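Contents: one structure, followed by commentary.
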Amino acid sequence: MLLLHLQEVDEKLWAKRLKKLLGNYKIVTRDDDFNRDDIRYIFVWKPEKSAFDALNNLKAVLCLGAGVDALLTHPHLPQSVPIVRYANDDLTRCMSDYVIANVTMHHREFSRFRDDQINREWGQYYPPPSWDISVGIMGLGVLGADAARQLKILGYQVNGWSRSPKNIDGITGFFGPDQLNPFLEQTDILVNLLPLTPETSGILNYGNFTKLRRRILPNGPAIINAARGGHQNEMDIEKALKDGTLGAASLDVFNIEPLPKNSGLWQLKNCYITPHIAAISSPENGASYFARVIRDHENGLDLINLVDMDCGY
Ligand code: NDP
Ligand code: OXD
């Protein structure tokens, strides 16, 4: 039996889609009458404190999101039950769309020409070619690796930084804490697609911004954060955007979401804010992913995209 425990998303729609795909497989939600001993899978997003209570026969926790940082802090998360996170083509492609849109926007100086237009000015500035710009991607996992490949196809120089060494065709790989500085020093546009863990928390800070390359983009380097708000020090970003340490920032995620109305980031022209919409686990594609996970596992196949509890992602 599958228990749905989804908050802040359309649980009814997910239930409907999963029921269609899983046929006779029993699916219940929190308000239904059921025996908790019969639950083999729980599908969660922002689970309540009591979500996992008395689930004695749980085979797996299915997490609606790709990032499991919040789930891993749940006080009653069963420690010996595997967690399957969302990693699927649709999410990956949407994330790469977001990254490409923001990289090309900063590269081609969208706001400069927009301002010129508003002021009816004919300012013939020629942006550098893509092959002179180095995009550095922090996190070369499911999302980062795809974004790296797509940017490479567009002609950018692409570097990546991960925990373990990677070998991706055409991408220069850096790894581990020792190679963070050389990686940053070669980066004009920094993209963050790391998971939020104690090691990566606060990595987007003023000290690291000063290490980015300042040679190519006329207004200074740009950062793009589509991972988690906990990666960024928002006061540092504000300061860096004001004093020119950063030329621009695209932020999809924030320490507090929704971003509080009194945040100084809202009013900065060189800060591009989106409300955590870079990529979403949609019921259209997500239901078939999770239905497949359950069907395959019930048929004796291994679970996929498991969270490594030691690494925290
Ligand atoms: P993965 O787990 O597939 O990839 C994580 C990558 O980060 C890996 O390459 C890993 O290295 C690297 N990494 C982890 N810790 C470190 C470290 N300490 N130092 C250097 N590199 C490190 O994650 P995904 O690509 O699927 O997702 C990334 C994040 O994107 C999610 O955790 C989530 O927070 C965010 N996200 C945001 C969305 C949005 O709408 N804004 C939507 C979906 C996800 P290694 O390969 O060596 O393990
Ligand atoms: C995720 C997210 O982690 O939507 O999937 O942020």
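The values are calculated or read from the model by the stated rules, or taken from the named source; none is laboratory data. Given the structure is predicted, the values throughout are model-derived calculations rather than measurements. Neighbour counts run over all protein chains shown; Cβ positions are idealised from the backbone, glycine included.
Please report, ordered by residue number, the helices (runs of 4 or more DSSP H) entirely within region 123-236 with at least 1 residues that are among the basic types (K, R). Walk me through it before giving the result.
Details: elements: 142-153, 180-185, 206-211.
Counting at least 1 such residues, we get 142-153, 206-211.
Does I133 fit the bill of being crowded, with 18+ Cβ neighbours inside 10 Å and more than 16 Å from ligand 1 (Cβ to nearest atom)? Show your work before the answer.
Details: crowded, with 18+ Cβ neighbours inside 10 Å: yes; more than 16 Å from ligand 1 (Cβ to nearest atom): yes.
When the stated conditions are applied, I133 passes them.
Does L13 satisfy the criteria of being within 16 Å of ligand 2 (Cβ to nearest atom), hydrophobic (A, V, I, L, M, F, W, C), in contact (Cβ under 8 Å) with a residue 24 or more places away in the chain and outside the structural domain of G247 (by TED's automatic domain parsing)? Even if it seems obvious, please write down each step before you answer.
Values: within 16 Å of ligand 2 (Cβ to nearest atom): no; hydrophobic (A, V, I, L, M, F, W, C): yes; in contact (Cβ under 8 Å) with a residue 24 or more places away in the chain: yes; outside the structural domain of G247 (by TED's automatic domain parsing): yes.
No: the conditions fail for L13.
Yes/no per residue for (1) of a type outside the set (D, E, K, R); (2) within 16 Å of ligand 2 (Cβ to nearest atom); (3) under 21 Å from the mean Cα position of the chain (by Cα); (4) surrounded by 14 or more Cβ atoms within 10 Å (Cβ to Cβ):
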| site | (1), (2), (3), (4) |
| --- | --- |
| M95 | yes, yes, yes, yes |
| A101 | yes, no, yes, yes |
| S111 | yes, no, no, yes |
| G144 | yes, yes, yes, yes |
| L151 | yes, no, yes, yes |
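Of the numbered criteria (1) in a loop (DSSP other than H, G, I, E, B); (2) of a type in the set (S, T, N, Q); (3) over 30 Å from K19 (Cα atoms), the one S250 fails is (1). Taken over region 261-296, the criterion of being within 16 Å of ligand 2 (Cβ to nearest atom) and part of a loop (DSSP other than H, G, I, E, B) is satisfied by T274, P275, H276, I277, A278, A279, I280, S281, S282. Beta carbons closer than 9 Å, at least 6 apart along the sequence or on distinct chains, pair a first residue in region 267-289 that is under 22 Å from L241 (Cα atoms) with a second that is more than 13 Å from ligand 2 (Cβ to nearest atom) and aromatic (F, W, Y) for Y272/F110; I273/W266.
Quick check on my filter: what residues within region 35-73 are in a loop (DSSP other than H, G, I, E, B) and within 16 Å of ligand 1 (Cβ to nearest atom)? Spell out the reasoning first.
So the first thing to find is which residues in region 35-73 are in a loop (DSSP other than H, G, I, E, B), and the list is 35, 39-40, 46-59, 64-68, 73.
K46, L64, G65, A66, G67, V68, T73 - these are the residues of region 35-73 that are in a loop (DSSP other than H, G, I, E, B) and within 16 Å of ligand 1 (Cβ to nearest atom).
Evaluate region 81-93: report whether one residue or more is of a type in the set (S, T, N, Q), within 13 Å of ligand 2 (Cβ to nearest atom) and part of a loop (DSSP other than H, G, I, E, B). Yes: one or more hits.
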